[in-house]
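**Student:** Take a look at this one; I'll ask things after.
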Amino acid sequence: MKKSFKKVVAILLAVMMIVCSVPLTVFAADDANRANINLQFGDVSCTATKKTVIKPRSAKMTDYLTYSGLNSDKLIYSNGKIDGYATGDFFTVSVLLENVTELSAAEVAIKYSEAIEPAYIKNYKGRGDNVEVAYMYNEATSEGPHADFPINEAIPTQSGSALYNSASTLGETSYVDPEARIMHANFAVQTGADSVSLTDSKAVLATFMFKIVNDKPITFSIDNTQSDPYETYTLGTIANGGKVEEYKTYAKVSEADVPALDFMGENEYNGTVGKNYTITFVDADGQQISSAEYKEGTAIVPPSLPATTHDDAQHYTYSWDKEIPATATADGTYTIIKTGAPHTWDAGVVTTEPTTTTTGIKTYTCTLDGCGATKTETLPKKEDAHVHTWSEWKYNNDAVYNVKAGTATRTCTDPNCPEHATETKTIEETKALGVYGKTVTLGAAVTLNLMVLKSTYNSFDNVYAEITFDNTSYVIDSPVDYASAYKKFDFDKIGPKNFGKPLVIKICGTTKDGIKCESEPLNYSIKTYLYNMLKKNPTPNLKKLLVETLYYGEADQKYNNINTDLLTAELTEDQKAVHTNDVPTYETKNQQINNPTPTAKDIVWRGSSLSLSGAVYVMYYVVIPSTSKIDDYKFAFTLDGVTTDVTYANDPDCFQKVSNTEYYLFFKKMGSHQYSLPITAVPYDIATGQQVGPTKIYSAESYALSRAYVSGKAQLRTLVDQLLRYGRANIAYRANPRG
């Protein structure tokens, strides 16, 4: 290779990038005649000539020239630490070349761990043992970086007696790269000679000083892009008139008469040389697979285990008789164990259908992963085959909403079925069959709203909600559209006193192929909804409405002599403070205006009151002529500018028959925010459109005043007072939901 030394060094640096970690221990070559790069560690001291030397920690320096990397005692290393040294201490590392008598050039690149940082000596005290000031290379000082420690440049004053000879014929370009955390010991002969002789066949190439900066392990490693870490150490010879142009790199294995080069020899600590261990692998039949020697600490690579095998009776798996360690630490023999277990057969697949003249074949496969064993069964001819008589599919009630789909099963109903056959299939659409969301409408009727996804609703026929409440079952089969994606089922049979009673809710439907399914039951209550909403930091007006709703329910509890599990018992003091006990101001709106043109079909308003058992409805007691039928009449109710027509044909649930001429008539379109508003009721003859009876003006508040306060019943007065507080809280919320 015809290159200058600078180019050669650049090439050597470019290939030194793979890390081969080596612990900070003292090593020696296993062959006395083998070239070796070693590391040696010592104390920091100083000399009058400002050269760093290494010496034992306990030695007294009487002649600094006798203390070098070669002559000083080795510091003891244990468990990633230098014995007796701690964070903040300084020490030296000498790069030592052994078993080489002549040298023309050298390149050594060694990476160091994050436990240490390069350092330099700033001041000295004569030729004594004490270092006056020592710095890390990047430590801030008033004088800036030290002149003797230029980063990424040669540092001759930091190299001790590195390759010293009196003629100074050896050039040194050692340096530290702190960014890459690599120390480089680089040398080349500067005269026309091919090489220089090394005293005692060894020399310190360079000495570097470090400071311990944390308590992590101190390690050194080698960078190299090649697979062989020995190639990172380059020794060379020079030809062509003494110019540094041609280099001969020593390889790991000797070539011709060139000795091999080691890095720190065998793994040695306190004189113990690394061992070789024999690792043997044996197959399940007792035959040796392989046997090889592994150096201590090297990775063990076991042979692959056989794949799963089988015969007609069993399948077989393979494993080692004991755990194989990752690295060699002792001799070991490892044997493959063959384990057999009976096949586990699947339900089988008919691979050849039987006919009226030939038998069929059913094939079974072992379910163990990797087994692959099969067996076959002969199926009888069709005239001999049993024909199943299947029952209807029955849903197994095993779906979990939004988690897993349910299944349905059918069985062969023939008592002589040889297989007692059953079939089960998954009904995917049942996974989404259930209540998607729940809300409560706080009106005159406190209504529970159950949302079902419209996509789920459309997957079934005859979808309905089944609600069990207060020992009674209800079916709601007429949902309404809610927004664009939902169907809504409304349940308004919950009176205030029953806000705390649980409801059991199921959404039911029939699949397109006729299987009746139902969701898993959901337990819920109005109380649960109210308290959940209170936990969500509602606006003041909503908080007031929720609290007054609970007090409204409790007032109804007490009116009905229910004094346990009171609805407000779980309110916090802060929430209770929202409730007020003021007595509302009542205004009566109870008036009857006679029909200006009486007819023979005029009805009579005999009385009016409120229904308080569930939703709050205005209830009228009407009497019709004996010559008429209730079907002949239309009742027009006007509230807050909205008129609602009620007829027996269209609204039979608004009528309760007392006799052939007497009925209770319910107006159900009043909201809780409308208790104080007048309701105008006018009867009409459907056939003629003529008014047939007086105009009745009434309000819920009128009932509260006329009945509750006139009756003298304290509990009823408490109930109607709280009814109006609840209604007025709803008015405030509707006017300003964010307030």
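**Student:** Please determine, by comparing only the residues of the stretch 432-458 that are within 33 Å of the chain's Cα centre (by Cα) and of a type in the set (G, A, S), which one is surrounded by the most Cβ atoms within 10 Å (Cβ to Cβ).
**Tutor:** Step by step, filter the stretch 432-458, then rank; the result is G434.
**Student:** Return the pair list, or none, for Cβ contacts closer than 6 Å from residues in the stretch 622-635 that are over 14 Å from Q656 (Cα atoms) to residues that are part of a loop (DSSP other than H, G, I, E, B) and of a type in the set (S, T, N, Q), at least 6 apart or on different chains.
**Tutor:** Qualifying pairs under 6 Å: S626/T661.
**Student:** Here is a follow-up. Pick out, from the stretch 495-607, the strands (runs of 3 or more DSSP E) lying fully within it that include 2 or more residues that are of a type in the set (V, I, T).
**Tutor:** Those strands (runs of 3 or more DSSP E) span 503-510.
Residues are listed down the side, and each one gets a yes or a no for (1) assigned by TED's automatic domain parsing to the domain that holds A292; (2) of a type in the set (S, T, N, Q); (3) within 30 Å of Y277 (Cα to Cα); (4) touching a helix residue (DSSP H, G or I) at 6+ places or on another chain (Cβ under 9 Å):
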residue: A328; (1), (2), (3), (4): yes, no, yes, no
residue: I336; (1), (2), (3), (4): yes, no, yes, no
residue: C371; (1), (2), (3), (4): no, no, no, no
residue: K394; (1), (2), (3), (4): no, no, no, no
residue: V400; (1), (2), (3), (4): no, no, no, yes
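**Student:** Go through the stretch 390-420 and report how many residues are out of contact with any Ser or Thr (no Cβ under 7 Å at 6 or more places or on another chain) and of a type in the set (D, E).
**Tutor:** 2
**Student:** Which of the numbered conditions does G514 fail, given that it passes all the others? Conditions: (1) at positive phi; (2) within 37 Å of the chain's Cα centre (by Cα).
**Tutor:** Evaluating G514 over (1) at positive phi; (2) within 37 Å of the chain's Cα centre (by Cα) leaves (2) as the failure.
**Student:** For the stretch 298-331, what are the residues that are over 16 Å from A284 (Cα atoms), in contact (Cβ under 8 Å) with a residue 40 or more places away in the chain and either in contact with an Asp or Glu (Cβ under 8 Å, 6 or more places away or on another chain) or not in a loop (DSSP other than H, G, I, E, B) (or both)?
**Tutor:** A328, T329
**Student:** Also, quick follow-up: Looking only at the stretch 332-363, how many residues end up being more than 30 Å from G286 (Cα to Cα) and either within 39 Å of the chain's Cα centre (by Cα) or not charged (D, E, K, R) (or both)?
**Tutor:** Total meeting the criteria: 17.
**Student:** Restricting to strands (runs of 3 or more DSSP E) lying wholly in the stretch 652-712: which have 2 or more residues that are over 60 Å from the mean Cα position of the chain (by Cα) and closer than 28 Å to P596 by Cβ?
**Tutor:** Of the strands (runs of 3 or more DSSP E) lying wholly inside the stretch 652-712, those with at least 2 residues that are over 60 Å from the mean Cα position of the chain (by Cα) and closer than 28 Å to P596 by Cβ span 662-667, 679-685, 695-698.
**Student:** Condition first: more than 20 Å from L96 (Cα to Cα) and modelled with pLDDT under 65. Now tell me which residues in the stretch 194-221 satisfy that.
**Tutor:** Residue satisfying the conditions is D194 alone.
**Student:** Out of everything in the stretch 655-708 that is out of contact with any helix residue (DSSP H, G or I) (no Cβ under 6 Å at 6 or more places or on another chain), among the small types (G, A, S) and surrounded by fewer than 23 Cβ atoms within 10 Å (Cβ to Cβ), what residue ends up being nearest to A615 (Cα to Cα)?
**Tutor:** G671
**Student:** Taking the stretch 574-618 on its own, how many of its residues are surrounded by 13 or more Cβ atoms within 10 Å (Cβ to Cβ), over 24 Å from E554 (Cβ atoms) and in contact with a Gly (Cβ under 9 Å, 6 or more places away or on another chain)?
**Tutor:** 7
**Student:** Right, another one. Give all pairs with beta carbons closer than 7 Å in which a residue from the stretch 513-538 that is under 28 Å from G406 (Cβ atoms) meets a residue that is part of a helix (DSSP H, G or I); count only pairs at least 6 apart in sequence or on separate chains.
**Tutor:** Every condition considered, the pairs that remain are C517/T430.
**Student:** Taking A681, is it closer than 13 Å to Y621 by Cα and aliphatic (A, V, I, L, M)?
**Tutor:** Here the answer is yes, as A681 does meet what is asked.
**Student:** Here are some conditions: (1) part of a strand (DSSP E or B); (2) without any contact (Cβ under 8 Å) to a residue 40 or more places away in the chain; (3) in the same structural domain as Q288 (by TED's automatic domain parsing). I361 meets all but one. Which one does it not meet?
**Tutor:** Of everything listed in (1) part of a strand (DSSP E or B); (2) without any contact (Cβ under 8 Å) to a residue 40 or more places away in the chain; (3) in the same structural domain as Q288 (by TED's automatic domain parsing), I361 misses just condition (3).
The values are calculated or read from the model by the stated rules, or taken from the named source; none is laboratory data. Because the structure is a prediction, the values reported are computed rather than measured. So basically every Cβ, Gly included, is an ideal-geometry build from the backbone, and we count neighbours across all protein chains shown.
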